[in-house]
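Enquirer: I am attaching a structure below and will ask some questions about it afterwards.
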Amino acid sequence: MSNTSRQHHDRINPSHHRAIVAGYGVVGRMVALELERSGLEVTIIELNLKTTEKQLDLDKKVVYGDVLDPKVLRKAGIDQADVFVLAVPNEDDAIKACAIVRELNPDIFIAARTNFVSRGMLCTQAGADCVIVEEVVTAQAMQQAITNKLNGKTPMASENAPG
């Protein structure tokens, strides 16, 4: 998370928007937190039972299950959701989920993560509106850190780390 996002959270249009975040690891948690801070109602889909139970104890809206199961997606509110975030680390599942989600809700905005550009293109072909490719983001962050160093700025080692 950048310093600017810590200091300023853009509020989404006041009408009620809903998001589903599939996968509640580091990426899913960070995205869900920012969406909540921006005013969206967030429902989490998670396959790890312990994570699901912990988030339910924290009064989060959580659905336990597989993102590839249309019943799980419906239980999470796919029909009413405006945004679907695929933060699952399994790229094959992400690609398949893009197609299933797009079929269940043709108007939803789908954001997905992948490790590699080639898999990102497959997510786009399957229905994702936005794909964040980890190898591209990593390259950009490294380039920025090097540029900062060469320009006399001293970035901290954890500047781009979650936290």
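The values are calculated or read from the model by the stated rules, or taken from the named source; none is laboratory data. Fair warning: this is a prediction, and the values are worked out from it, not measured in the lab. In this analysis, Cβ positions are derived from the backbone assuming ideal geometry, glycine residues included, and neighbour counts consider all displayed protein chains. Note: accessible area is taken over every heavy atom of the protein model, side chains too, but ligands, DNA and RNA are not part of it. Shrake-Rupley method; radii C 1.70, N 1.55, O 1.52, S 1.80 Å.
Enquirer: Restricting the search to the stretch 68-80, which residues are part of a loop (DSSP other than H, G, I, E, B) and open to solvent by 10 Å² or more (accessible area, probe 1.4 Å)?
Expert: Of everything in the stretch 68-80, those that are part of a loop (DSSP other than H, G, I, E, B) and open to solvent by 10 Å² or more (accessible area, probe 1.4 Å) turn out to be 68, 69, 77, 79, 80.
Enquirer: Does any residue in the stretch 118-144 that is of a type in the set (Ser, Thr, Tyr) come within less than 7 Å, Cβ to Cβ, of a residue that is surrounded by 17 or more Cβ atoms within 10 Å (Cβ to Cβ) six or more places away or on a different chain, and which pairs are these?
Expert: Sorted first by the residue in the stretch 118-144, then by its partner, the pairs are 124/131.
Enquirer: Quick check on residue 119: is it open to solvent by 20 Å² or more (accessible area, probe 1.4 Å) and within 21 Å of residue 64 (Cα to Cα)?
Expert: no
Enquirer: Among the numbered conditions (1) closer than 16 Å to residue 28 by Cα; (2) in contact (Cβ under 8 Å) with a residue 40 or more places away in the chain; (3) of a type outside the set (D, E, K, R); (4) open to solvent by 50 Å² or more (accessible area, probe 1.4 Å), tell me where residue 88 comes up short.
Expert: (4)
Enquirer: Scan the stretch 127-149 and give yes if some residue there is buried (at least 18 other Cβ atoms within 10 Å of the Cβ), outside any loop (DSSP other than H, G, I, E, B) and not β-branched (Val, Ile, Thr), otherwise no.
Expert: The answer is no, given that none of the residues of the stretch 127-149 is buried (at least 18 other Cβ atoms within 10 Å of the Cβ), outside any loop (DSSP other than H, G, I, E, B) and not β-branched (Val, Ile, Thr).
Enquirer: Determine, yes or no, whether residue 36 is modelled with pLDDT under 95, farther than 26 Å from residue 124 by Cβ and in contact with a strand residue (DSSP E or B) (Cβ under 9 Å, 6 or more places away or on another chain).
Expert: Against the criterion (modelled with pLDDT under 95, farther than 26 Å from residue 124 by Cβ and in contact with a strand residue (DSSP E or B) (Cβ under 9 Å, 6 or more places away or on another chain)), residue 36 qualifies.
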